[in-house]
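Working notes, beginning with the structure itself.
The values are calculated or read from the model by the stated rules, or taken from the named source; none is laboratory data. It should be emphasised that the depicted structure is a prediction, and the values quoted were computed from it without experimental measurement. Cβ sites come from the backbone with ideal geometry, for glycine too, and all protein chains shown count toward neighbours.
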Amino acid sequence: KAGVTQTPRYLIKTRGQQVTLSCSPISGHRSVSWYQQTPGQGLQFLFEYFSETQRNKGNFPGRFSGRQFSNSRSEMNVSTLELGDSALYLCASSMEGGGTEAFFGQGTRLTVV
Amino acid sequence: QQQVKQSPQSLIVQKGGISIINCAYENTAFDYFPWYQQFPGKGPALLIAIRPDVSEKKEGRFTISFNKSAKQFSLHIMDSQPGDSATYFCAASYHTGNQFYFGTGTSLTVIP
């Protein structure tokens, strides 16, 4: 069974640009969550999508957005990139969410210069 | 406010020893408590998880102890091996939704 796939693995962007990251969950999983991981702030929740609807949202500015498609694949977008957006972005998939096993992808390492 | 507090920040254990990592939470509405292991350059991997109606769960060398009244839970790694050297995160989530609140992580080093 294939795991959670995130693309691309690495990205270098310039301040002010925008970026789109992709996450393909495990087959059959309908919940996809996104997290930002930095050495200073640790793992912070961005948002969760379930059946194409945003179900939960963390405390991030509106520059961070996401969506989920009918096949459960998800994308997150960051507009007007800032240096502080440099981080490892992780997505996690689970069957239903709500306190069930969640499996993470390898992450996308975003560097903003 | 940190909803899940984790300690210690780093831990060094001899091969064959027991590694113990502790977490404490505030919100009694949390319903699910997983532990994740993360190696450099990799995403977190689910190790073991517990629900509050169980006081202990064991899977191989990994055991979670859960104290509902104290709002604390811990991970015990028995017979620690150099290959266990990684960062460990505890987490908590509610019954609904898939939003995890993570601890700050513990860097474990097992020396041969």
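When residue A:70 is tested against (1) in a strand (DSSP E or B); (2) free of Cβ contacts under 8 Å to residues at least 40 places away in the same chain; (3) of a type in the set (Ser, Thr, Tyr), exactly one condition is not met: (1).
More than 12 Å from the chain's Cα centre (by Cα), among the basic types (Lys, Arg) and away from chain B (no Cβ under 12 Å): is that true of residue A:67 in this structure?
Numbers: more than 12 Å from the chain's Cα centre (by Cα): no; among the basic types (Lys, Arg): yes; away from chain B (no Cβ under 12 Å): yes.
For residue A:67, the condition - more than 12 Å from the chain's Cα centre (by Cα), among the basic types (Lys, Arg) and away from chain B (no Cβ under 12 Å) - is not met.
State which residue is nearest to the other protein chains (Cβ to nearest Cβ) when the search covers only segment A:82-113 and only residues that are hydrophobic (A, V, I, L, M, F, W, C) and under 15 Å from residue A:10 (Cβ atoms). Here the residue is A:90.
Between B:24, B:91, which is in a strand (DSSP E or B), of a type in the set (Gly, Ala, Ser) and buried (at least 21 other Cβ atoms within 10 Å of the Cβ)? Can you show your working first?
Numbers: B:24 fails: buried (at least 21 other Cβ atoms within 10 Å of the Cβ).
Criteria check complete, one pass: B:91.
Looking at segment B:7-14, is at least one residue crowded, with 16+ Cβ neighbours inside 10 Å, among the aliphatic types (A, V, I, L, M), touching a helix residue (DSSP H, G or I) at 6+ places or on another chain (Cβ under 7 Å) and more than 13 Å from chain A (Cβ to nearest Cβ)? No, segment B:7-14 contains no residue that is crowded, with 16+ Cβ neighbours inside 10 Å, among the aliphatic types (A, V, I, L, M), touching a helix residue (DSSP H, G or I) at 6+ places or on another chain (Cβ under 7 Å) and more than 13 Å from chain A (Cβ to nearest Cβ).
Across segment B:29-48, a minimum of one residue is classified as β-branched (Val, Ile, Thr), in contact with a strand residue (DSSP E or B) (Cβ under 9 Å, 6 or more places away or on another chain), surrounded by 16 or more Cβ atoms within 10 Å (Cβ to Cβ) and within 14 Å of another protein chain (Cβ to nearest Cβ). Residue B:97 meets all of the listed conditions (1) more than 25 Å from residue A:93 (Cβ to Cβ); (2) assigned to a loop (DSSP other than H, G, I, E, B) but one, namely (1). If the condition is being within 22 Å of residue B:105 (Cβ to Cβ) and modelled with pLDDT under 95, then segment A:4-32 contributes no residue at all.
Take the conditions touching a residue at least 60 places away in the same chain (Cβ under 8 Å), away from chain A (no Cβ under 14 Å) and touching a Gly at 6+ places or on another chain (Cβ under 8 Å) and apply them to residue B:79. Does it pass?
Values: touching a residue at least 60 places away in the same chain (Cβ under 8 Å): yes; away from chain A (no Cβ under 14 Å): yes; touching a Gly at 6+ places or on another chain (Cβ under 8 Å): yes.
When the stated conditions are applied, residue B:79 passes them.
Among the criteria (1) surrounded by fewer than 19 Cβ atoms within 10 Å (Cβ to Cβ); (2) closer than 15 Å to residue B:42 by Cα; (3) touching a residue at least 24 places away in the same chain (Cβ under 8 Å); (4) at the interface with chain B (Cβ under 9 Å from one of its Cβ atoms), the one residue A:10 does not fulfil is (4).
I need the full set of residues from segment B:46-69 which are outside any strand (DSSP E or B) and among the basic types (Lys, Arg), in order please. B:51, B:61, B:68, listed by residue number.
Given the condition away from every other protein chain (no Cβ under 11 Å) and assigned to a loop (DSSP other than H, G, I, E, B), answer yes or no: does some residue in segment A:29-49 qualify? Taking every residue of segment A:29-49 in turn, none turns out to be away from every other protein chain (no Cβ under 11 Å) and assigned to a loop (DSSP other than H, G, I, E, B).
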